[in-house]
Amino acid sequence: KIFVLQDEVIGRIVEALSVRLTEGEKAQIARLPTRNLEAYDFYIRAEQNAYTVDFRPLGEALSLYQKAIKLDPAFADAYSGYARATVDVLGF
């Protein structure tokens, strides 16, 4: 249900902004990042920790990304988030 709601919100935003999406953009929006809701929950929580001004939550973000990856080894967005957070931790 969360993904249906998310798609609905995205659709309304696109409509309100009168944006024309390419077929590739439409396909990317329609793509489910994972079918595992627990993995998605860990991912969303990790994203919240990763995108803060304070670097202290990055360790928690890395842990949450790892949990998401463990639950769904094919969850590409979780790997991407883990890589971004690792770069931030290392200071690059």
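Residues in the range 2-47 that are exposed (fewer than 11 other Cβ atoms within 10 Å of the Cβ) and closer than 19 Å to ALA68 by Cβ: ILE2, ARG31, LEU32. Only residues that are more than 27 Å from ALA74 (Cβ to Cβ) and of a type in the set (Gly, Ala, Ser) were counted in the range 11-58, giving 2. Among the numbered conditions (1) of a type in the set (S, T, N, Q); (2) at pLDDT 85 or above; (3) more than 14 Å from the chain's Cα centre (by Cα), the only one that THR34 does not meet is (3).
The values are calculated or read from the model by the stated rules, or taken from the named source; none is laboratory data. Since the model is a prediction, treat every value here as computed from it, not as a measurement. Neighbour counts are summed over all protein chains in view; Cβ atoms, including those assigned to glycine, are modelled from backbone coordinates with ideal geometry.
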